[in-house]
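All remarks here apply to the structure that follows.
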2 protein chains.
Amino acid sequence: MPKISEERRTERREQILAGARRCFAEHGYEGATVVRLETATGLSRGAIFNYFGSKEDLFIELAVRDAARMSDLWVNSGLEAVVREVIELDPAWLSVYLELFRRLRNDPGFGKRIETRQRTVAPANRARIEEAQRTGEFRDDLEPKQVGLFVNLILSGLALQRASGEELPPVELVLGLLDDAIGGRAQPGTPSRTRA
Amino acid sequence: MPKISEERRTERREQILAGARRCFAEHGYEGATVVRLETATGLSRGAIFNYFGSKEDLFIELAVRDAARMSDLWVNSGLEAVVREVIELDPAWLSVYLELFRRLRNDPGFGKRIETRQRTVAPANRARIEEAQRTGEFRDDLEPKQVGLFVNLILSGLALQRASGEELPPVELVLGLLDDAIGGRAQPGTPSRTRA
């Protein structure tokens, strides 16, 4: 196959994903009909489903990319960068996840497919927590898994409040209290941000 | 009006609310059609809408009751009781809230109506935070509002993870880390639960 064709395939894939993401965000998952997906991507249903087998596949690919992006941010830029990112996420796009939770519970196969794909970033995330515990960024008297679960809890809360339009706590407060909860002794003698 | 009639009205209202709650949880907000609401409540649409003007009114009344119940629990039994309650909430019912976040953003009048009604519990919630700061249960170097926003963030995270079927952090871990973040000096000399 000539090289140009491979490049075009990649371009086309990205075009479909970007359009589908806009379409899901605007109309919701159920509301993203095939006709609307065609309009949003600028491609025929034949072309779309040639690249992705189903609407579900489209969503899963987008969710996997989200997980990979968050993981990269965490591994390369740290917790503060992740918190700031979540606070700025598009509420309309977040709502697509919320809409799918009923489905995730009622259709275990769907949840399984997402989880299996997203799990590929878990080792990198965990290694970064262990590193943060070694360097004293995070406390080391908890299991890495416990730290991860708590950070995840905070990020879930921020995502939900962002999606609902509720008042978010100031980012400095969140970072300060997170540090009080799971921060280590990176700078002994330095008072933590929120405690006097 | 004879007294029995008033009692019957109250009973009927409760019957409608209980049925509507089951119906929303089972079918989602959009899926709770008038026919399904009739089946779930055992009453005709005429009877239902005689008590509540619209499906929206039904949901708002249920949401207001949730807020009141959580507030009572917080005021009378404290944070641990609230955390344990949220962790046990019905995922199907939680999903109804999630489903409505898109609507809450797109229809400010709807959000306004819920907020106005739910806001009645805010003074009691705030007074309880202030009391917890006075007694040393919570740290007193933060504004009560900041403490409230952080607790809310944790509860939102728990609710979202409960709704999604994700792995929840163990309740003792959540309570311990919450204590490290916002706990006061109620028992000086006692190490906090999670820090050695």
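The values are calculated or read from the model by the stated rules, or taken from the named source; none is laboratory data. This one's a predicted model, so the numbers in the text were calculated from it and none came from an experiment. Note that each Cβ is placed from the backbone with ideal geometry, even for glycine, and that neighbours are counted across all protein chains shown. These accessible areas exclude ligands, DNA and RNA; they are computed on the full protein's heavy atoms, side chains included. Shrake-Rupley method; radii C 1.70, N 1.55, O 1.52, S 1.80 Å.
Within straight-line reach of B:K112, meaning a Cα separation under 16 Å, sit the following aspartates and glutamates at least 8 residues removed in sequence or on another chain: A:E166, A:E167, B:E56, B:D57, B:E61.
Go ahead and run the numbers for FRET between B:R103 and A:E11, Cβ-Cβ distance against an R0 of 51 Å, rounding to 0.05.
For B:R103 and A:E11, the calculated efficiency is 0.90.
Computed from backbone phi, the HN-Hα couplings of the stretch B:23-36 come to 5, 4, 4, 6, 10, x, 5, 5, x, 7, 6, 4, 4, 5 Hz, rounded to whole numbers (Karplus: 6.51 cos²θ - 1.76 cosθ + 1.60, θ = phi - 60°; Gly and Pro given as x). Note that the stretch B:147-160 has calculated 3J(HN,Hα) couplings of 4, x, 5, 6, 4, 4, 4, 5, 5, 4, x, 5, 4, 5 Hz, one per residue in order, obtained from phi through the Karplus relation 6.51 cos²θ - 1.76 cosθ + 1.60 (θ = phi - 60°); glycine and proline are x. Here A:R134 yields copy-to-copy label distances, from shortest upward, of 5.1 nm, the label point defined as 7 Å from Cα along Cα to C-beta.
Just to check, using Stokes-Einstein with a Kirkwood Rh over alpha carbon pairs, what's the diffusion coefficient of the stretch B:66-127 at 37 °C and 0.692 mPa s in µm²/s? Display every interim value, and only then the final one.
Working: Rh = 13.0 Å.
Rounded to a whole number, D works out at 252 µm²/s.
Counting only the Cα atoms, the stretch A:101-170 fills a convex hull of 112 Å³ per residue. A point 7 Å from Cα along Cα→Cβ stands in for B:D72, and the other copies hold the same point at 5.1 nm, listed in rising order.
Give the accessible surface of the protein assembly as shown per residue, rounded to a whole number of Å², with probe radius 1.4 Å and ligands, DNA and RNA excluded.
Working: 19550 Å² over 392 residues.
Computed with neighbouring chains in place, this is 50 Å² per residue.
Summary for B:G53: label point 7 Å along Cα→Cβ; distances to the equivalent points in the other copies, ascending, 5.0 nm.
How big is the equivalent ellipsoid of the stretch B:104-145 along its three axes, where each semi-axis is √(5λ) from the Cα gyration tensor, reported in whole Å from largest to smallest?
Working: eigenvalues 184, 24, 6 Å².
Working through the eigenvalues yields semi-axes of 30, 11, 5 Å.
Across the residues of B:102-109, average count of Cβ atoms on other protein chains within 10 Å? Please report the intermediate quantities before stating the final value.
Values: counts 13, 2, 6, 6, 3, 0, 1, 0.
For this peptide, the per-residue mean of nearby foreign Cβ atoms is 4.
Grab the DSSP H runs of chain A that are 4 residues or longer, score each as -39,500 (n - 2.57), total them, divide by all residues and round the 222 nm result to the nearest 500 deg cm²/dmol. Result for chain A, helices only: -25000 deg cm²/dmol. Each 5 Å bin, from zero up to the one with the longest distance, holds this percent of the alpha carbon pairs of the stretch B:1-109: 2, 11, 19, 20, 17, 15, 10, 5, 1.
For A:F138, the residues whose modelled amide H falls within less than 5 Å of its own, excluding neighbours fewer than 5 places apart on the same chain, are A:Q133, A:G184.
With all protein chains present, how much of the accessible area of the protein assembly as shown (probe radius 1.4 Å) comes from carbon and sulfur, to the nearest whole percent?
Numbers: 10080 of 19550 Å².
About 52 percent, which is the carbon plus sulfur part of the accessible surface.
A P(r) calculated from all alpha carbon pairs of the protein assembly as shown, with 10 Å bins opening at zero, reads 4, 19, 28, 24, 15, 7, 2, 0, 0 percent.
Note that chain B carries a Kirkwood radius of 18.9 Å, evaluated over its alpha carbons pair by pair. Treating r as the C-beta distance of A:N50 and B:R117 and R0 as 56 Å, the FRET efficiency rounds to 0.65. Heavy atoms of chains A and B lose about 3900 Å² of accessible surface on contact, summed over both sides with a 1.4 Å probe. Rounded to the nearest whole Hz, the Karplus-based 3J(HN,Hα) values (6.51 cos²θ - 1.76 cosθ + 1.60, θ = phi - 60°) of the stretch A:161-177 follow the sequence 5, 5, 5, 8, x, 5, 5, 8, x, x, 4, 5, 5, 4, 5, x, 6, with x at glycine and proline. Reported to the nearest whole Å, the Cα centre-to-centre distance from the stretch B:147-171 to the stretch B:19-52 is 29.
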